[in-house]
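Right, one structure below, let's go through it.
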Amino acid sequence: MPPKATNPPLDLLTRQGAAEALRWWVEAGVDMALDEAPHDRFVERPAPQLKAAPVVATLPPTRIEHAAAAPDDARRSATSIVAAVKNLDELREALEKFDGCGLKATATRLVFADGAPDARIMLVGEGPGADEDRIGRPFVGRAGQLLDRMLASIDLDRSKVYIANVVPWRPPGNRTPTPQETTICLPFIRRQIELVAPRLLVCLGGSAAQTLLGMKEGITRTRGQWYDYAMGDAVIKALPMLHPAYLLRQPAQKRAAWRDLRTLARAVREMG
Ligand code: URA
């Protein structure tokens, strides 16, 4: 049997080795430390003895709400919060205070929106990445730069559109938000759309299309066609498109994206 591979103890790593290890971890999506001391998660430990008393009983009252029965309570709490919110500033403030979504704990900051709040076109992506998390605005990294070029190709820019994400905090390592995280954040993005009140909604990528339009099928099947989106009492048109990050990985798909951009441009022209 080959000898079991083990990581060298950290104090035996050379400076260069440590830098390489860090680079490798970042590429693998491990881009933040959760604790000062390393833990070997592979060591078997006896199962923890659960105490009879609920943990929430020891928490201060303001934390109980979400720690108690997380997703359902957090979703209910989000729904009642957004019902009281009257404008985008209040919505941003409510999100800053909201502790019901675990993503907030690992993100650097809230990434609320960019663009014109009175725009007739609203674009919604999946969730912030590392650059957005650092800067605090959606779509500012490589995918965002491609999005800007895509918009420019049909004579649009950030002064003519409003941009937000389904989840406003960066999922660690840029992973896809879990269904639970998405469900908790859904009342916020739905209210954000309602407050912007666009005439056209563009869902960037499968995650946004599935969350906002309730689609089961993947984005390659649904892209480029108009769907109805119920926005309060109104119904607006919604267009799923390929996500610019996907186009960076699959440049051959830019041809399909260009077709969808022309579909969007036609609808913009028809609005007058
Ligand atoms: N991808 C997204 O879905 N949103 C961003 O803001 C950036 C990248």
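The values are calculated or read from the model by the stated rules, or taken from the named source; none is laboratory data. Just so it is clear, the structure is predicted and the values come from calculations on it, not from any experiment. In this analysis, Cβ positions are derived from the backbone assuming ideal geometry, glycine residues included, and neighbour counts consider all displayed protein chains. Only protein heavy atoms, including side chains, enter the accessible area calculation; ligands, DNA and RNA are left aside. Shrake-Rupley method; radii C 1.70, N 1.55, O 1.52, S 1.80 Å.
Given the structure, is Gly173 assigned to a helix (DSSP H, G or I) and modelled with pLDDT under 95? The answer is yes for Gly173.
Here's the yes/no breakdown for (1) assigned to a helix (DSSP H, G or I); (2) in contact with a strand residue (DSSP E or B) (Cβ under 7 Å, 6 or more places away or on another chain):
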site: Gln225; (1), (2): no, no
site: Ala230; (1), (2): no, no
site: Val235; (1), (2): no, yes
site: Ala238; (1), (2): no, yes
site: Tyr246; (1), (2): yes, no
site: Arg259; (1), (2): yes, no
site: Thr263; (1), (2): yes, yes
site: Arg266; (1), (2): yes, no
site: Arg269; (1), (2): yes, no
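The residue that is surrounded by the most Cβ atoms within 10 Å (Cβ to Cβ), among those in segment 210-251 that are within 16 Å of the ligand (Cβ to nearest atom) and basic (Lys, Arg), is Arg223.
Filtered by the rule that a residue be in contact (Cβ under 8 Å) with a residue 12 or more places away in the chain and either open to solvent by less than 40 Å² (accessible area, probe 1.4 Å) or in contact with a Cys (Cβ under 9 Å, 6 or more places away or on another chain) (or both), segment 141-154 gives Gly141, Ala143, Gly144, Leu146, Leu147, Met150, Ile154.
Glu194 falls short on exactly one of the conditions (1) touching a Phe, Trp or Tyr at 6+ places or on another chain (Cβ under 9 Å); (2) under 25 Å from Gly100 (Cβ atoms), and that condition is (1).
Within segment 105-132, the set of residues being under 18 Å from Leu248 (Cβ atoms), more than 8 Å from the ligand (Cβ to nearest atom) and open to solvent by less than 20 Å² (accessible area, probe 1.4 Å) comprises just one member, Leu123.
Among residues belonging to segment 192-229 that are among the hydroxyl-bearing types (Ser, Thr, Tyr) and touching a Pro at 6+ places or on another chain (Cβ under 8 Å), point out the one that is nearest to Arg175 (Cα to Cα). The qualifying residue nearest to Arg175 (Cα to Cα) is Ser207. Tallying residues that are part of a helix (DSSP H, G or I), surrounded by 17 or more Cβ atoms within 10 Å (Cβ to Cβ) and more than 16 Å from the ligand (Cβ to nearest atom) within segment 78-103 yields 5.
Condition check: under 15 Å from Ile189 (Cβ atoms), charged (D, E, K, R) and modelled with pLDDT of 95 or more. Does Asp89 satisfy that? No: the conditions fail for Asp89.
Tell me, which residue of segment 166-201 that is free of Cβ contacts under 8 Å to residues at least 60 places away in the same chain and in contact with an Asp or Glu (Cβ under 8 Å, 6 or more places away or on another chain) is nearest to Tyr246 (Cα to Cα)?
The first filter runs over segment 166-201 and keeps only residues free of Cβ contacts under 8 Å to residues at least 60 places away in the same chain, leaving 166, 176, 178-179, 182, 194, 197.
Still in the list and also in contact with an Asp or Glu (Cβ under 8 Å, 6 or more places away or on another chain): 166, 176.
On the way: Val166: 17, Thr176: 13 Å.
Here the answer is Thr176.
Go through (1) open to solvent by less than 20 Å² (accessible area, probe 1.4 Å); (2) free of Cβ contacts under 8 Å to residues at least 24 places away in the same chain; (3) away from the ligand (no atom under 13 Å from the Cβ) for Asp157 and report which single condition fails. For Asp157, the exception is condition (1). Residue count for segment 160-184 satisfying the condition of being open to solvent by 50 Å² or more (accessible area, probe 1.4 Å) and within 14 Å of the ligand (Cβ to nearest atom): 3.
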